[in-house]
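These notes concern the structure reproduced below.
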2 protein chains.
Amino acid sequence: MSTREREEMRQQVIRLFNQAHIVLTEEEQGRIEIADFGLGDYQTTGLGLITYVNNDLYCAKELALLPNQTCPEHRHPPIGAIPGKTETFRCRWGKVWLYVEGEPTEPIQARIPDEGRAYYTVFHEIELTPGQQYTIPPNTLHWFQAADDGAIVSEFSTTSRDEFDIFTNPNVVRVP
Amino acid sequence: MSTREREEMRQQVIRLFNQAHIVLTEEEQGRIEIADFGLGDYQTTGLGLITYVNNDLYCAKELALLPNQTCPEHRHPPIGAIPGKTETFRCRWGKVWLYVEGEPTEPIQARIPDEGRAYYTVFHEIELTPGQQYTIPPNTLHWFQAADDGAIVSEFSTTSRDEFDIFTNPNVVRVP
């Protein structure tokens with residue numbers, strides 16, 4: 001992604017936060033992470049993130065999904081003696097479909113992206129609308145997609161160590 | 001507080017969450033905690049709370065302060081081998097003045113409540129407006145007060161064990 005494209009995406013994410021009445025400082029707006037997972041098609045497979053706090057004990061982020069945007073399937077493995085990340089997703093605005101391990105839902109509501117279709121393998125669907133939340137246990141495969149308006153999701157969790165995330169799609173690069 | 005008074009206070013807190021565009025489910029609205037700290041004057045010294053998640057690892061709450069309402073001074077001590085709670089306060093709406101140990105600010109902007117005035121002992125002021133946040137280390141004395149419009153504060157922290165909180169005012173009862 002070019003610097004200009006990245007900046008355009010950041011502005012889209014800021015508009016989404018504004019729509020959801022989530023206030024970020026100027027400094028935070030400037031460090032919104034535009035993650036395209038190395039797949040080069042951010043609007044289809046990507047995630048906007050702002051990390052409020054990530055210390056040795058806990059982490060809180062706000063996630064922004066553009067309309068129909070997908071965060072690809074991954075899990076948070078243990079790192080040595082430290083268990084994998086436990087995370088609670090709380091929908092604040094819009095609608096998001098979360099898929100985790102378990103009984104597959106048929107049919108699912110999300111449209112699996114063509115790019116990397118084979119790397120979506122868990123289909124137990126949880127629909128989250130504002131005020132609804134779900135806690136994902138450590139080392140559990142999951143992916144999620146926003147509905148037509150996009151979505152804002154608060155993430156409360158143990159410490160984030162994104163560089164250790166394991167993506168099902170081997171072409172994904174989480175931390176460039 | 002009578003059941004009717006408590007219910008009236010809960011409705012005020014719900015209105016504050018609505019003003020701040022914080023969406024709670026019906027179930028959550030029903031379990032908003034109206035903490036008057038056993039002092040019997042909720043609008044002066046009190047706090048509205050909704051706990052989103054509180055597991056063995058982390059906790060996330062939303063705090064609601066009515067106009068000029070004060071949460072009295074306290075700290076989160078270690079419990080056996082477990083360090084005291086670390087917590088990050090993020091202002092979402094309104095304005096809040098947070099007071100912690102350290103160089104006293106003079107003059108402070110908050111008005112110390114007459115009731116229990118002697119039990120406010122730390123005066124290092126941190127003003128938080130929407131998007132601003134502050135992390136309070138374990139076992140640190142702190143208290144906070146909303147400005148004239150009230151305030152909504154997100155709290156991200158380690159596990160909450162409110163029943164172990166130590167209040168400077170010996171008349172406080174945190175968990176009735």
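The values are calculated or read from the model by the stated rules, or taken from the named source; none is laboratory data. Values in this document were obtained by computation on a predicted structure and should not be read as measured data. Cβ placement follows ideal geometry from the backbone for every residue including glycine, while neighbour counts extend to all protein chains displayed. SASA here: full protein model, heavy atoms, side chains in, ligands and nucleic acids out. Shrake-Rupley method; radii C 1.70, N 1.55, O 1.52, S 1.80 Å.
Would you confirm whether any residue within the range A:68-91 is free of Cβ contacts under 8 Å to residues at least 24 places away in the same chain, away from chain B (no Cβ under 14 Å) and over 25 Å from A:Asn139 (Cβ atoms)?
Among the residues of the range A:68-91, not one is free of Cβ contacts under 8 Å to residues at least 24 places away in the same chain, away from chain B (no Cβ under 14 Å) and over 25 Å from A:Asn139 (Cβ atoms), which makes the answer no.
Could you check the range A:1-71 for strands (runs of 3 or more DSSP E) lying wholly inside it with 2 or more residues that are of a type outside the set (A, V, I, L, M, F, W, C)?
A:47-54, A:59-65
For residues in the range B:54-67 being more than 22 Å from B:Asn171 (Cβ to Cβ) and in contact with a Gly (Cβ under 9 Å, 6 or more places away or on another chain), which is farthest from the other protein chains (Cβ to nearest Cβ)?
That would be B:Pro67.
Just give me the residues in the range A:39-53 being within 14 Å of chain B (Cβ to nearest Cβ), open to solvent by 10 Å² or more (accessible area, probe 1.4 Å) and over 10 Å from B:Thr88 (Cβ atoms), in sequence order.
A:Thr51
Which of the following residues is under 29 Å from A:Pro137 (Cβ atoms), more than 14 Å from the chain's Cα centre (by Cα) and charged (D, E, K, R): B:Glu27, B:Glu33, B:Glu62?
Going through B:Glu27, B:Glu33, B:Glu62 in turn, the sole match is B:Glu27.
Going residue by residue through the range B:139-146, is there one that turns out to be more than 14 Å from chain A (Cβ to nearest Cβ) and modelled with pLDDT under 95?
Within the range B:139-146, not a single residue is more than 14 Å from chain A (Cβ to nearest Cβ) and modelled with pLDDT under 95.
Can you find, within the range A:6-38, the residue that is surrounded by the most Cβ atoms within 10 Å (Cβ to Cβ) among those that are closer than 23 Å to A:Glu163 by Cβ, within 14 Å of chain B (Cβ to nearest Cβ) and touching a residue at least 12 places away in the same chain (Cβ under 8 Å)?
The selected residue is A:Ile32.
Residue-wise test of (1) more than 21 Å from A:Asp162 (Cα to Cα); (2) modelled with pLDDT of 95 or more; (3) surrounded by 20 or more Cβ atoms within 10 Å (Cβ to Cβ).
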{"residue": "A:Glu62", "(1), (2), (3)": "no, yes, yes"}
{"residue": "A:Thr105", "(1), (2), (3)": "yes, yes, no"}
{"residue": "A:Ile108", "(1), (2), (3)": "yes, yes, no"}
{"residue": "A:Glu115", "(1), (2), (3)": "yes, no, no"}
{"residue": "A:Tyr119", "(1), (2), (3)": "no, yes, no"}
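For B:Asn139, indicate whether it is within 17 Å of A:Leu57 (Cβ to Cβ) and in contact (Cβ under 8 Å) with a residue 40 or more places away in the chain.
So B:Asn139 passes the test.
Conditions (1) closer than 26 Å to A:Glu27 by Cα; (2) in a strand (DSSP E or B); (3) within 14 Å of chain A (Cβ to nearest Cβ), marked per residue:
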| position | (1), (2), (3) |
| --- | --- |
| B:Lys95 | yes, yes, yes |
| B:Glu106 | no, no, no |
| B:Pro113 | no, no, no |
| B:Pro130 | yes, no, yes |
| B:Thr135 | yes, yes, yes |
